[in-house]
1. Name the residue that is surrounded by the most Cβ atoms within 10 Å (Cβ to Cβ), counting only residues in the stretch 40-63 that are free of Cβ contacts under 8 Å to residues at least 60 places away in the same chain and in contact with a helix residue (DSSP H, G or I) (Cβ under 7 Å, 6 or more places away or on another chain).
2. Across the stretch 295-307, which residue is surrounded by the fewest Cβ atoms within 10 Å (Cβ to Cβ) among those that are in contact with a strand residue (DSSP E or B) (Cβ under 9 Å, 6 or more places away or on another chain) and within 21 Å of residue 242 (Cβ to Cβ)?
3. Pull up the stretch 121-142, narrow it to residues that are assigned to a loop (DSSP other than H, G, I, E, B), touching a residue at least 60 places away in the same chain (Cβ under 8 Å) and out of contact with any strand residue (DSSP E or B) (no Cβ under 6 Å at 6 or more places or on another chain), then point me to the one that is farthest from residue 192 (Cα to Cα).
4. Kindly indicate which of 139, 94 is at pLDDT 95 or above, within 19 Å of the chain's Cα centre (by Cα) and closer than 21 Å to residue 219 by Cα.
5. What are the residues in the stretch 237-260 that are surrounded by 15 or more Cβ atoms within 10 Å (Cβ to Cβ) and within 23 Å of residue 307 (Cβ to Cβ), if any?
6. For the stretch 290-299, state whether one or more residues are over 23 Å from residue 249 (Cβ atoms), modelled with pLDDT of 90 or more and either assigned by TED's automatic domain parsing to the domain that holds residue 246 or out of contact with any helix residue (DSSP H, G or I) (no Cβ under 8 Å at 6 or more places or on another chain) (or both).
7. Among the residues of the stretch 64-83, how many are touching a strand residue (DSSP E or B) at 6+ places or on another chain (Cβ under 9 Å), closer than 24 Å to residue 115 by Cβ and surrounded by fewer than 17 Cβ atoms within 10 Å (Cβ to Cβ)?
8. Within the stretch 274-313, can you find the residues that are at positive phi and free of Cβ contacts under 8 Å to residues at least 12 places away in the same chain?
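The values are calculated or read from the model by the stated rules, or taken from the named source; none is laboratory data. All values reported here derive from a predicted model rather than from experimental measurement. Using ideal geometry, Cβ is built from the backbone for each residue, glycine included, and neighbour counts are taken over all protein chains shown.
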């Protein structure tokens, strides 16, 4: 009888202990997801007070399709002239095919997918909650395939954190984010992508546990469902007082072009970037290039940005579009084609 009771008690104790079915260690998750993580190395040009100069950018990304589509951050690739992606132990050329700087998101198409690369599984980011454990894999300071861990510490709705990125829904995370992590994937503990790393807030220049990651549902909507138009342009809208100083037409404002990426629709239409940065009323502006006055017939002002980008996103490959610019005192109409 005593033996029987002992067996029964032992069985009850064993049954009461939670069994982690399919549980994975951090190392197992890391090894599972690494073949889908890419390192991005890009070169571009920028304009400063002394003129134009070349520069290099390093970032991260994640392979999301068998035909070679890679999600990353817009600030890593949006105005770059040449992009190389390292995945599956090989280096492959890539180009931007969709981009939404207002959410810091871009979509790349790689020239080919190496055999050793693996497509990441994408999750529904709405299921993640504050306190959930997450990992980030990327290339901080160019150190490829580095792992950092943390939790989701907050969730921010679009247009609540940054005015420059009003379309982005963000996860805030304690996982370490440094230069080079931008564009890399955030995974849940099942190894599924739940977000794309954007940036961190830091007073010291390093990681201080205030990282921001664009949710995957935002990326899916803007890059895959909507496929936001990639212009390849970097610039800014002119305040009215500066527009008057630059002799824009009466009651007109415009978008001053700072940089134009090689091979972009912006270059194809013939837009020219600035040649020198000057300071007007304490604010920097790139002069010497074009000022866009109209795009697709709409005046180029902040209130029309969404409408213009929406119409551009609906164009098909080969469709033409027009922009009106002020160049060296002359108003010109330029025509380009969607790639």
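1. 63
2. So the first thing to find is which residues in the stretch 295-307 are in contact with a strand residue (DSSP E or B) (Cβ under 9 Å, 6 or more places away or on another chain), and the list is 295-297, 299-302, 304-305, 307.
Those still in the list that are within 21 Å of residue 242 (Cβ to Cβ) too: 295, 299-302, 304-305.
Working: 295: 23, 299: 16, 300: 23, 301: 16, 302: 9, 304: 14, 305: 15.
The selected residue is 302.
3. Of the residues in the stretch 121-142, the ones assigned to a loop (DSSP other than H, G, I, E, B) are 121, 123-124, 128-132, 139.
Checking the rest, the ones that are also touching a residue at least 60 places away in the same chain (Cβ under 8 Å) come to 121, 123-124, 128, 139.
Now restrict to residues that are out of contact with any strand residue (DSSP E or B) (no Cβ under 6 Å at 6 or more places or on another chain): 121, 124.
Details: 121: 5, 124: 9 Å.
So, considering only residues that are assigned to a loop (DSSP other than H, G, I, E, B), touching a residue at least 60 places away in the same chain (Cβ under 8 Å) and out of contact with any strand residue (DSSP E or B) (no Cβ under 6 Å at 6 or more places or on another chain), the one farthest from residue 192 (Cα to Cα) is 124.
4. Numbers: 139 fails: at pLDDT 95 or above.
The conditions single out 94.
5. Residues satisfying the conditions are 237, 238, 243, 248, 252, 253, 254, 255, 256, 257, 258, 260.
6. No - not one qualifying residue is present in the stretch 290-299.
7. Taking the stretch 64-83 as the starting set, the residues that turn out to be touching a strand residue (DSSP E or B) at 6+ places or on another chain (Cβ under 9 Å) are 64, 67-83.
Then drop every residue that is not closer than 24 Å to residue 115 by Cβ, which leaves 64, 67-72, 83.
Checking the rest, the ones that are also surrounded by fewer than 17 Cβ atoms within 10 Å (Cβ to Cβ) come to 67.
Selection size over the stretch 64-83: 1.
8. Step one: filter the stretch 274-313 for residues at positive phi, giving 281-282, 288, 296-297.
Within the stretch 274-313, just 282 meets the criteria.
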